[in-house]
Amino acid sequence: MKALTHVMQGRGAISLIALQIIAVAPPLAIVLVERGPPAIVQFGAALLIVLVWDYAFAKVRHHRFLPQGLTTAAIFVLLTPPDIPIWHVAVTLSLATVIGELVFGGRGFGFLSPATVALALALLSLPNLELPEPSTRAALACLPGLALLLLTGLCSLSVLLAFATAMGGIHFLAAPTDLAQLALVAVPAFVFLIADPTASAVTLGGRVLYGGAAGALVWVFGGIAMEPATINPMIFAALTASLFAPLFDHVAIALQTRAGRLRHG
Amino acid sequence: MTATDIAASNTIAAALLGADYPNLRIRPEVQEGDNVAPGQILFRDAKYPEIAFAAPIQGRVTSIRLAARRMLSAVTLAPADASVVAPDDRIGPDQSIRDYLLARGMWPAFVSRPFGGPPHPDAKTAAIVVSAVPSSRVAPDPGDVLRGQSDAFTRGMEAIAELTDGSVHLCLANTSRIDAPALPRLQVHRRSERRWSSPAAQVARVAPASPGRATWTIGYQDVVAIGHLLETGRYDPVRRVALWSDTTRPAPTLNVPLGADLSQLLGQPGPEHQIWSGAAPSGRVSAFLGRHHLDASVVAHARPAPKKPHPIIPLAGLGRALPIRLPAIPLMRSLAVGDAETSARLGCLQLLEDDIAPLTAICTSGTDYARRLRDVLDRLRSDLS
């Protein structure tokens, strides 16, 4: 684990992008095979769009070209249906990549996950859009990626436990929906949206609040009945929790400072 | 070579390093080419000339190097059979312990927190923390090192107690077999070695330091050296340290002089590796043993700092890399931009360069946090004075 963490020293966002691609590759491959040519065309178009923006910003800013949009495109295609019009994919991904990531200076400098922004924009601009429920195989294929991200520190165990506790706690209190179906949508949403380290809180207390808030917000956006369980509320929960992540950190630091002052007089 | 002949054979070069004494300007008492004996004063602090720095080996002064703003970079010594008599004057009847330690070059054994470096010669402290916890998993066991030296250790502890009206805290591992001497103001603390081996952790736990309330720390082997000095009048520069590389396990523990040339002891590292002084990932890259380090190793080269800043990816492991529980990532961000006020609020005054070095070893940004911390600490100190 130590070696896995140290391998990223001084490498910048490229380590994050590379590991996220390794994590997303198995479920994406399964989804592309399951959904066939339309999904492959959609993925190709999504890749082209994000890489053009990455290249344009790298050129204008005299930065090294970094294919940071790869993960955005992969996660977007993984969670959206293949029948969205290509022009819509283009507009959504362009907006999300530029305002969610590139205007801040690229991956790691912003405070939002561009994939979450893209999905939220898609849902807001196409009100009737129903995101497909991932197949059991695709959901299971996310688990090795989750393990990899946990081992490398790119996913925080505190966020995972807080999210699972909040989601599971509300589920068991209200028992509204089928747990297996809930897990099918929750696993990819957590691994690729909520766990994104650049969008989540960074202190221990902040991460607990962030994970807990994301878990609770799923029920707020989905409605407590949430029947059937879909991925839509998870996207809005991830986006809202990321917006509040700096506040969670602020609260956690304030509490820690207060506790320290009290202890040391 | 056995543990004792390394130091006794007088074949190892040594150096006194500016990295151990932040912002130290010196007034040399020797010149390049002079022969010196162990314990002979090499230079004094230019601002506080009472603080003297002693030679760790018998040899010849090979270089006196200064860095920017005439700060000490290094004074290096090569071993030589010089016919110079080592000083052995005992403490005078009217001399205080403080004056004796200052005059004999033992004062730099103390580190004052916050800010680091030796304490001001007239400073008073509310607490002195004596660290007798192994600094790493391979570091020498303090119980083994102190075996047969309990008289010198007790004498050293008595002397240290005279430097403060407050408490002396002896920090031990909970499995330690060390018998604490019976002293009136001594408090003994035993905890699990995990997150307790660093003086930063010990100070934060037993005597938190702040700008108005400094805490001094000292290592157990320096306490023994003070005891020897008081008993015999002879400066004891020998420390038992663990020197290890990936190829030598278990790590051998050797008796070496302070500031020993590590490339002589560990061999010249290959192009992919470098010599590290301190319990990696704490400590620093250094060809010579740091003044307060009891570990040295050969480690892989860190990647050079990038020309343009890379982002700080908030990895989960960063929070556990510090010896004390601080909000590591907000602190890294504030240090990276040089925000002294926020860094102080987030606890940077509880840290010194060695404590924060593990963050440099993990962080994706390539930032040298030890250097950034020193800049911020210097700014905070000048704001206070």
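Per the listing A:Ala115, A:Ala120, A:Ala90, the residue uniquely in a helix (DSSP H, G or I), open to solvent by 20 Å² or more (accessible area, probe 1.4 Å) and of a type in the set (A, V, I, L, M) is A:Ala90. For B:Pro323, the test of being within 9 Å of chain A (Cβ to nearest Cβ), modelled with pLDDT of 85 or more and out of contact with any strand residue (DSSP E or B) (no Cβ under 9 Å at 6 or more places or on another chain) is failed. From the residues in the stretch A:179-194 that are of a type in the set (Gly, Ala, Ser) and open to solvent by 10 Å² or more (accessible area, probe 1.4 Å), which one is farthest from B:Leu346 (Cα to Cα)? Among those residues, the one meeting the criterion is A:Ala180. In the set A:Gly100, A:Gly106, A:Gly110, which member is closer than 20 Å to A:Ile21 by Cα and away from chain B (no Cβ under 14 Å)? Answer to the selection: A:Gly100. Only one entry in A:Leu124, A:Leu129 is in contact with a Pro (Cβ under 9 Å, 6 or more places away or on another chain) and away from chain B (no Cβ under 14 Å), namely A:Leu129.
Restricted to the stretch A:225-245, and to residues there that are open to solvent by 60 Å² or more (accessible area, probe 1.4 Å) and at pLDDT 95 or above, the residue that is farthest from A:Val208 (Cα to Cα) is A:Leu243. Could you count how many residues in the stretch A:93-112 are in a helix (DSSP H, G or I) and open to solvent by less than 10 Å² (accessible area, probe 1.4 Å)? So the answer is 5. Taking each residue of the stretch A:152-176 that is free of Cβ contacts under 8 Å to residues at least 12 places away in the same chain and looking for partners that are of a type in the set (A, V, I, L, M) with beta-carbon atoms closer than 8 Å, six or more apart or interchain, yields A:Leu157/A:Leu150; A:Leu157/B:Ala316; A:His171/A:Leu179; A:His171/A:Leu182. All told, B:Ile329 falls short of being within 12 Å of chain A (Cβ to nearest Cβ) and open to solvent by 20 Å² or more (accessible area, probe 1.4 Å).
Among the residues making up the stretch A:178-192, those that are under 20 Å from A:Ser156 (Cα atoms) and not aliphatic (A, V, I, L, M) are A:Pro188, A:Phe190, A:Phe192. The single condition among (1) in a helix (DSSP H, G or I); (2) within 14 Å of chain B (Cβ to nearest Cβ) that A:Ala201 does not satisfy is (1).
Inspection of the stretch A:163-171 identifies no residue that is modelled with pLDDT of 95 or more, part of a helix (DSSP H, G or I) and facing chain B (nearest Cβ under 10 Å).
Taking the criterion of being without any contact (Cβ under 8 Å) to a residue 60 or more places away in the chain, open to solvent by 10 Å² or more (accessible area, probe 1.4 Å) and in a helix (DSSP H, G or I), would at least one residue in the stretch A:69-83 satisfy it? Within the stretch A:69-83, one or more residues are without any contact (Cβ under 8 Å) to a residue 60 or more places away in the chain, open to solvent by 10 Å² or more (accessible area, probe 1.4 Å) and in a helix (DSSP H, G or I).
Return a yes/no flag: does the stretch A:48-55 have any residue that is among the acidic types (Asp, Glu), buried (at least 16 other Cβ atoms within 10 Å of the Cβ) and more than 10 Å from chain B (Cβ to nearest Cβ). For the stretch A:48-55, residues among the acidic types (Asp, Glu), buried (at least 16 other Cβ atoms within 10 Å of the Cβ) and more than 10 Å from chain B (Cβ to nearest Cβ): present. Residue count for the stretch A:124-138 under the criterion of being open to solvent by 100 Å² or more (accessible area, probe 1.4 Å) and either in contact with a Leu (Cβ under 8 Å, 6 or more places away or on another chain) or charged (D, E, K, R) (or both): the result is 2.
Among the numbered conditions (1) within 17 Å of the chain's Cα centre (by Cα); (2) open to solvent by 60 Å² or more (accessible area, probe 1.4 Å), the only one that A:Gly145 does not meet is (2).
The values are calculated or read from the model by the stated rules, or taken from the named source; none is laboratory data. From a predicted model like this one, the values you see are computed outputs, not experimental measurements. As a convention, Cβ positions derive from the backbone with ideal geometry for all residues, glycine included, and neighbour counts pool all protein chains shown. These area figures cover heavy atoms from the full protein model, side chains too; ligands, DNA and RNA do not enter into them. Shrake-Rupley method; radii C 1.70, N 1.55, O 1.52, S 1.80 Å.
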